[in-house]
Each structure stands twice: as structure tokens, then as C-alpha cells.
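S.K.: Can you read through this structure? Questions will come right after.
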Ligand SMILES: [Zn+2]
């Protein structure tokens, strides 16, 4: 590559039109997924205190929201359920008329394009809030039983798929759940339902606000025996590789921003469809900083999501999916309007003929700083 002064990197940064021409990464509403939280009731839309702009909605309200998101061209919604009843076997997780199953059927009746993706995990359905079946060991010590949990998760995935879910997304981090889920789906008439696996889901402190949203904080212990240690990148690649071998169609890294290296390595290593979940703590940081007047919220949001995509994510799950889709459409709608306002034929005199007799002006060709 030639060097200065022949090579001037600033040439292509001199104006927005030039920057736009060579921009490598662009956000697209069709690759954004909006998490939604469905709860029992009718005409309910309650804001989640720790996540302003996000709501617990009853099935009727969720359907309305899905219709709006579809109109915006948002790629998918990721459904989380807040069930009527929790118990120690998560028995409502695979109920035919469970809260998520009702929401799926309602949305699929009204929407043709937007993908209905369902979170498959037991924590919201367990009275103890863990992602699997808890077995008492000694005294007050519990362990989360992997293989029992996997059976329940597979049944849950099948019931979502049979209700009409387009994609099921296991987020529990039990070993072997993708393989068991794939087999269960295939045996129950859902061989074409893709699995988007939360493959490298870290035991992160960035999930704080979500537990408020999903009402799923564990009553004892923590999730470190099944979610990953944030310090481990090589292990994340092994998790992702195993999920691919077990039959995952899309793999995911969660959270996103503190784990861009994992997204990057996985995309380079496997070249597989890749999702990243920009989690509630990431949402909260930008929201709180903007509230304090410490950050330009809209700019920070666009930068965060663009950088997650640049790192290698094809799909971004984000609480900003709706507003970002709106913003992207507003920009292109304004363009289209300008274009349509142009007259069919431009009047004479609209463009001045160039005077060839005049001496050329500044020919340095160097764009000026603005
Ligand atoms: Zn869970």
C-alpha cells in the first residue's frame, strides 16, 4: 500500500456522501429482533420500571405491538412469558394454552412476515427461578439437574413450535439441550423449525434489569454452574462448536458489547449465522447516561448496534429494535419525499451553464475541513 503523501486516508472522510459510499457496516431493520414480555390479562401494558420504554403486555397488546413491528420491517420478536403459575417442575412451560403459546397463536393469526421467536427456558416458570430442575442434595444445598431439565426444555420447544413459533431459542445453558430439542422437534412434526441457540451465554452482571422484566431472579444460589464464566473465550468457542454439531441453526453470544471478541472469533472460526443479544444492562447504561446528560443517547445506540454488527453479528436482539427501525425508515422516507417533490422536468435556468472562459479556481482538490 502506498503511503503519505500519496495515501491520504482523510480523503474518503471529507463529506458524509463519501463516508456513506465506503461505509462497511449498515443496520437493517430486518436483522433486528425485539424482545417482548407477555403476561396474563387483557388490555394490559405496564412499563417495566428498570427498562423505560419496555412493557409487560397482555396477549392482545402483544399482538398489536407485533403488527406495528411487522409494519416497520423488524425481523422478529423474541417472546418471553410471565406465566400465571410457577411451580417446581415448570409445568406451565409446555402447556398448550400457556401464556406464550396463546401469544404465538394470536400473533401468527395477524402477522405474516415478522418471525415469532420464543425464548425456551424454565426460569420464569420455576418457583425458585433457576433455568433447570433443582434437586435438593444436603440440607439447603441444591443442584440443577442437567438431564431432567433438558427433557422439560425439549417439551417446551415442541409446544412452542406446535403453537406456530417460527424459531425456538433455548437460553438455559444445559448441556446437550440442542441435540435433544432437535430430536424432539423432528419426532413431533416440527423438523423445519430452526433452533437459535444461546450458545455462549455468560453469567453476566449485565442482566440485572431483565430479571425485573422477566420476574425470574433465582431464589437461592446463582447461575454460575450452568452459564459461562465471563473470563473464558476459548470455552465460548467450544460451546458454540458443540451447539453447531448438535444441530443449532443460529448461534448466539449474550451479552453483546463486552463480548465483541467472542462474536468476532466465532464468526471467523465457524462462518455460521450469528446472533448477539444486546442485554438489559447495556440498554440501562446508555439510558441512564443519557438521563444524566452524559451521553447523546440516539448516537450511542446507533454506534453500539453498528459495532456489534461490525464484530460479526448478523442478527441483533435489542430493546432498541423498534426505535432504530423507526429512525432508519424516517431517514429513507425523508429522502424519498425530497425525490418525489422534484418536478418532472426542471425549468430552464435551474442549472446555470458553466462559464468556460473563467479561470479555474482552487484546483488543489483537497477537501476542506468543516
Ligand atoms: Zn433461564
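S.K.: Compute the normalised compactness of the stretch 257-327: alpha-carbon radius of gyration over 2.2 N^0.38 Å, N being the residue count.
M.R.: Rg over 2.2 N^0.38 Å, computed on Cα atoms: 1.15.
S.K.: Which ordering of 116, 59, 22, 100 is given by a fewest-first count of other beta-carbon atoms within 10 Å?
M.R.: In order of increasing Cβ crowding within 10 Å: 22, 59, 116, 100.
S.K.: On alpha-carbon atoms, Rg over Rh for the stretch 41-121 using Kirkwood Rh?
M.R.: 0.97
S.K.: Right, next: Given the C-alpha atoms of the stretch 246-287, compute the convex hull and give its volume per residue in Å³.
M.R.: In the stretch 246-287, the Cα hull volume divided by residue count equals 70 Å³.
S.K.: Considering every Cα-Cα pair within the stretch 288-348, what fraction, in whole percent, is farther apart than 16 Å?
M.R.: Looking at the stretch 288-348, the distances longer than 16 Å represent 62 percent of pairs.
S.K.: If you don't mind, there's one more thing I want to ask. Can you work out the FRET efficiency for the pair residue 67 and residue 20, with r the C-beta to C-beta distance and R0 = 30 Å, to the nearest 0.05?
M.R.: According to the calculation, E is roughly 0.40.
S.K.: Over the chain, what per residue volume does the convex hull of the Cα atoms give, in whole Å³?
M.R.: 200
S.K.: Just want the ordering: 23, 265, 327, from fewest to most Cβ atoms lying within 10 Å of their own Cβ.
M.R.: Placing the least packed residue first, the sequence is 23, 327, 265.
S.K.: Expressed in nm², what is the orientationally averaged projection area of the convex hull enclosing the Cα positions of the stretch 11-76?
M.R.: The Cα convex hull of the stretch 11-76, projected and averaged over all directions, gives 6.4 nm².
S.K.: Moving to a separate point now. Gain in length, residue 342 to residue 290, computed as 0.36 nm per residue apart minus the alpha-carbon separation, to one decimal in nm?
M.R.: Fully extending the segment from residue 342 to residue 290 adds 14.9 nm.
S.K.: A further question follows. Could you check what % of the DSSP bridge pairs in the stretch 1-111 are antiparallel, to the nearest 5?
M.R.: Percent antiparallel among DSSP bridges in the stretch 1-111 is about 25.
S.K.: Here is a follow-up. When the Kirkwood hydrodynamic radius is evaluated over all pairs of different C-alpha atoms of the stretch 212-330, what value in angstrom, to one decimal, is obtained?
M.R.: 15.7
S.K.: Now for a separate question. How much length is gained if the chain between residue 10 and residue 109 is pulled fully straight, taking 0.36 nm per residue apart and subtracting their Cα-Cα distance, in nm to one decimal?
M.R.: Stretched fully, the residue 10-residue 109 segment lengthens by 30.4 nm.
S.K.: Let me ask something additional. Just to be sure I understand: if I project the alpha-carbon convex hull of the stretch 146-287 onto a plane and average over all orientations, what area do I get in nm²?
M.R.: The orientation-averaged projected area of the Cα hull of the stretch 146-287 comes to 8.9 nm².
S.K.: Measure nothing fancy, just the Cα-based angle from helix 146-163's long axis to the longest principal axis of the chain, in degrees from 0 to 90, nearest 10.
M.R.: Between helix and principal axis, roughly 60 degrees.
S.K.: Based only on other Cβ atoms within 10 Å, what is the fewest-to-most ordering of 199, 17, 149?
M.R.: 17, 149, 199
S.K.: Efficiency by 1/(1 + (r/R0)^6): what FRET value for residue 245 and residue 87, r their Cβ-Cβ distance, R0 = 41 Å, to the nearest 0.05?
M.R.: 0.75
S.K.: In the stretch 24-339, what percentage of the DSSP-assigned beta bridges are antiparallel, given to the nearest 5?
M.R.: So the antiparallel bridges in the stretch 24-339 amount to around 20 percent.
S.K.: Right, something else. Just want to confirm a number: the relative contact order over the stretch 24-339, from Cα pairs under 8 angstrom separated by 6+ residues, in percent.
M.R.: Reported as a whole number, the value is 18 percent.
S.K.: So between residue 219 and residue 44, what do we pick up on full extension, going 0.36 nm a residue minus the alpha carbon distance?
M.R.: Contour length minus Cα-Cα distance gives 60.3 nm.
No value in this document is a laboratory result; all are computed from the given coordinates. Keep in mind it's a predicted model, so treat the numbers as computed, not measured. Every residue, glycine among them, receives a Cβ derived from its backbone with ideal geometry; neighbour counts consider all protein chains shown.
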